[in-house]
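A.B. asks: My questions all concern the structure below.
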Amino acid sequence: MFTGIIEQTAIVKHIDHEAGNAIFTIESSIASELAIGQSVAHNGVCLTITHCEHDSYQVTAITETLSRTTLGQWKAGQRINLERALRADGRLDGHFVQGHVDAVGTVTEMHDQDGSTLMFVDFDHELGYTVTKGSICMDGISLTVVDSLPGAFSVAVIPHTWNNTHLSEIQEGQSVNIEFDILGKYMKKLHHLSQGIL
């Protein structure tokens, strides 16, 4: 379980391929604090640590993960967002995030708003819902929805988030991982059940 509060950014140092899987070597200052078997969210995707060194560690993404997230598009040298799992005695500063990506969205517009950045994102409307002032997780970042539209939403990014995540490197047309609020997912399931949709 995560909160969507990014701990730091890291660099994809190297990518190896084994069968249909991708093995990512991540360069990070927290590598020495990690242990094999721990879970870390990478751009919102929960991955298990498989190897640790002083300044880097490795995680493996299977074919399913690569096909349902942006991880299959990663390049060596790319900057990504990291968050370690929530401790039982930690503060929940964002919202409950599972690290399970529901959809890959596309950043369609970005506007400077004199102190913040407004970003619009499109997604397949059948994959989830948003609500105005509700929570959304985008590339692992807990954000508040400004505009909620069918198959689209906007978020206003404050300077701290802009400067301390990889968002400052995002461009229009780029893909992002989306995890919808867990409450909304249960409401969607209940609605489907009431309509006789399994």
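The values are calculated or read from the model by the stated rules, or taken from the named source; none is laboratory data. Not measured: the values here are computed from a predicted model. As a convention, Cβ positions derive from the backbone with ideal geometry for all residues, glycine included, and neighbour counts pool all protein chains shown.
A.B. asks: I'm trying to understand the selection: among the residues of region 40-62, which are more than 20 Å from Gln98 (Cβ to Cβ) and either in contact (Cβ under 8 Å) with a residue 40 or more places away in the chain or under 17 Å from the mean Cα position of the chain (by Cα) (or both)? If you could, list the steps in order and put the result at the bottom.
C.D. replies: First pass over region 40-62, keeping only residues more than 20 Å from Gln98 (Cβ to Cβ): 50-58.
Listed by number, the list holds a single entry, Ser56.
A.B. asks: Looking at (1) touching a Phe, Trp or Tyr at 6+ places or on another chain (Cβ under 7 Å); (2) under 26 Å from Val12 (Cα atoms), find the lone condition where Tyr129 falls short.
C.D. replies: Going through the list (1) touching a Phe, Trp or Tyr at 6+ places or on another chain (Cβ under 7 Å); (2) under 26 Å from Val12 (Cα atoms), Tyr129 breaks only (2).
A.B. asks: Restricting to region 160-198, name every residue that is surrounded by fewer than 19 Cβ atoms within 10 Å (Cβ to Cβ) and charged (D, E, K, R).
C.D. replies: Of everything in region 160-198, those that are surrounded by fewer than 19 Cβ atoms within 10 Å (Cβ to Cβ) and charged (D, E, K, R) turn out to be Glu169, Glu172, Lys185, Lys188, Lys189.
A.B. asks: Continuing with this model, one more query. What's the total number of residues in region 36-91 that are part of a loop (DSSP other than H, G, I, E, B) and surrounded by 14 or more Cβ atoms within 10 Å (Cβ to Cβ)?
C.D. replies: 9
A.B. asks: Could I ask something else about it? Tally up the residues in region 92-104 that are part of a strand (DSSP E or B) and out of contact with any Gly (no Cβ under 7 Å at 6 or more places or on another chain), please.
C.D. replies: 1
One line per residue, one yes/no per condition, for (1) under 14 Å from Phe2 (Cβ atoms); (2) within 13 Å of the chain's Cα centre (by Cα); (3) touching a residue at least 60 places away in the same chain (Cβ under 8 Å):
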residue: Glu109; (1), (2), (3): no, no, yes
residue: Thr117; (1), (2), (3): no, no, no
residue: Leu127; (1), (2), (3): no, no, no
residue: Cys137; (1), (2), (3): yes, yes, yes
residue: Ala156; (1), (2), (3): no, no, no
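A.B. asks: Checking Thr65 against (1) touching a residue at least 60 places away in the same chain (Cβ under 8 Å); (2) more than 13 Å from Met138 (Cα to Cα); (3) not acidic (Asp, Glu), which single condition isn't satisfied?
C.D. replies: Here Thr65 clears every test but (1).
A.B. asks: Report whether or not Glu27 is surrounded by 15 or more Cβ atoms within 10 Å (Cβ to Cβ), over 30 Å from Ala152 (Cβ atoms) and either without any contact (Cβ under 8 Å) to a residue 40 or more places away in the chain or not aromatic (Phe, Trp, Tyr) (or both).
C.D. replies: Values: surrounded by 15 or more Cβ atoms within 10 Å (Cβ to Cβ): yes; over 30 Å from Ala152 (Cβ atoms): yes; either without any contact (Cβ under 8 Å) to a residue 40 or more places away in the chain or not aromatic (Phe, Trp, Tyr) (or both): yes.
For Glu27, the condition - surrounded by 15 or more Cβ atoms within 10 Å (Cβ to Cβ), over 30 Å from Ala152 (Cβ atoms) and either without any contact (Cβ under 8 Å) to a residue 40 or more places away in the chain or not aromatic (Phe, Trp, Tyr) (or both) - is met.
A.B. asks: Taking region 10-24 only, how many residues are buried (at least 18 other Cβ atoms within 10 Å of the Cβ) and either within 12 Å of His54 (Cα to Cα) or of a type in the set (Val, Ile, Thr) (or both)?
C.D. replies: Total satisfying the criteria: 1.
A.B. asks: Further question: Restricting attention to region 1-25, which residues are aliphatic (A, V, I, L, M) and not in a strand (DSSP E or B)?
C.D. replies: Of everything in region 1-25, those that are aliphatic (A, V, I, L, M) and not in a strand (DSSP E or B) turn out to be Met1, Ile5, Ile6, Ala19.
A.B. asks: Among the residues that make up region 126-135, is at least one of them hydrophobic (A, V, I, L, M, F, W, C), buried (at least 20 other Cβ atoms within 10 Å of the Cβ), over 25 Å from Lys75 (Cα atoms) and not assigned by TED's automatic domain parsing to the domain that holds Thr65?
C.D. replies: No, region 126-135 has no match at all.
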